[in-house]
């Protein structure tokens, strides 16, 4: 991991940096859980940068991790500040550097800070959607980010964001496409599991019922993976290999699923995807867990 990946990833979220009088470089990152910021502070210590944590907002109970160093002693950090902030109409505004590289570590920290996995409770078979907040960036920057994600074979589209506090529209968020395999490729890129050290740390209370969420909620559950993997063309080979290994004939599968043999053949050879319900039944029949599938890929 590079220091620039860590800072770039958080700046894609709500982290801020500033340089005071061309001398001191200030960095700040907000979070609901103080323990998460302590974990983040350990990451900065790997680069010999000590940090401090303060209560940034007593009403909303938001903490802030920060550090400041002599900017003249680290030209790289000063260069990052100049890349991320431009003056527009006399105001300093955060903007996406044109040389930004979306590495796995950069995208991970963007997702940790300003991403979530949206599940539709009213539709138990719907593939969950990955959302990345971009409401502080211009339309030009958002188009640039969509293109950078596309270069990683990750397809996202902008959706106008409405504040849950004011009800006003304020920028856009990026929503992942789900039918083209983007959710699987996204987590394959940043990590199939939440970093264990922070999995049980809180991300705050959200939604109309103010339920507490945790970082592990940003990653797919077993049921989420069933929905995501059912849409992957290569899943048929996993089913075929496991079926043959167990000595189960294709006819036995077709009878259990109440489909014809051609349906199963097309699934096994990647010519069609099984429905979520049928895929769930196949996994149960062949005693395959989603972790088995992910580990075999």
How many angstrom lie between the Cα centre of the range 169-223 and the Cα centre of the range 225-282?
28 Å
Could you work out how far helix 235-246 tilts from the main Cα principal axis of the chain, as a 0 to 90 degree angle to the nearest 10?
50 degrees
If I take R0 = 51 Å and measure r between the Cβ atoms of residue 139 and residue 287 in this structure, what FRET efficiency does the formula 1/(1 + (r/R0)^6) give, to the nearest 0.05?
0.55
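Let a ≥ b ≥ c be the square roots of the eigenvalues of the Cα gyration tensor of the range 141-297; is it rounded (a/c under 1.5), or, if not, prolate (a/b larger than b/c) or oblate?
It is prolate, given that a/c is not under 1.5 and a/b is the larger ratio.
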Once you put a point 7 Å from the Cα of residue 244 and another 7 Å from the Cα of residue 43, both along the Cβ direction, what distance in nm separates them?
4.3 nm
When the helix-only estimate is applied to the chain (DSSP H runs of n ≥ 4, each -39,500 (n - 2.57), divided by the residue count), what is the mean residue ellipticity at 222 nm, nearest 500 deg cm²/dmol?
-11500 deg cm²/dmol
Note the angle between two axes, namely the Cα long axis of helix 276-286 and the longest principal axis of the Cα atoms of the chain, as a number of degrees from 0 to 90, rounded to the nearest 10.
70 degrees
For percent of Cα pairs over 37 Å apart, the listed values are (1) 16; (2) 25; (3) 10; which was obtained by calculation from the structure presented?
(2)
Looking only at the range 74-90, which residues have a backbone nitrogen under 19 Å from a spot 7 Å from the Cα of residue 21 in the C-beta direction?
74, 78
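Want the number for residue 269 to residue 254: 0.36 nm per residue separation, take away the alpha-carbon distance, what's left? It would help to have the intermediate numbers written out before the result.
Values: separation 15, 0.36 × 15 = 5.40 nm, distance 1.50 nm.
Extra length from residue 269 to residue 254 when fully extended: 3.9 nm.
Below 8 Å between Cα atoms, with a sequence gap of 6+, how large is the relative contact order for the range 104-227 in percent? Display every interim value, and only then the final one.
Details: 165 pairs, mean separation 29.7, N = 124.
Relative contact order comes out at 24 percent.
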Here the relative contact order (percent) of the range 3-84, from C-alpha pairs under 8 Å and at least 6 apart, is 32 percent
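Need one word for the range 104-227: rounded, prolate or oblate. Basis is the Cα gyration tensor (sqrt eigenvalues a ≥ b ≥ c); a/c below 1.5 gives rounded, then a/b vs b/c decides. It would help to have the intermediate numbers written out before the result.
On the way: a/c = 1.36, a/b = 1.07, b/c = 1.27.
The shape class here is rounded.
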State the extension gain, in nm to one decimal, for the chain segment bounded by residue 54 and residue 222, taking 0.36 nm per residue of separation less the distance between their alpha-carbons.
56.8 nm
Computed over the chain: longest principal axis from alpha-carbon atoms vs helix 34-45 long axis, angle to nearest 10 degrees, is 70 degrees
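Say R0 is 25 Å: what FRET efficiency, to the nearest 0.05, do residue 101 and residue 159 get from their beta-carbon distance? Walk me through the numbers before you get to the answer.
Numbers: r = 25 Å, r/R0 = 1.01.
Here the calculated transfer efficiency is 0.50.
To the nearest 0.05, how large is the calculated FRET efficiency for residue 210 and residue 62 if R₀ is 22 Å and r is the Cβ-Cβ distance?
0.90
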For 105, 1, ascending order of other Cβ atoms within 10 Å (fewest first) is 1, 105
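A short reminder: the numbers here are calculations on the coordinates, not readings from a lab. If you're wondering where the values come from, they're calculated on a predicted model, not measured in any experiment. Here Cβ is always computed from backbone atoms with ideal geometry, including for glycine, and neighbour counts include all displayed protein chains.
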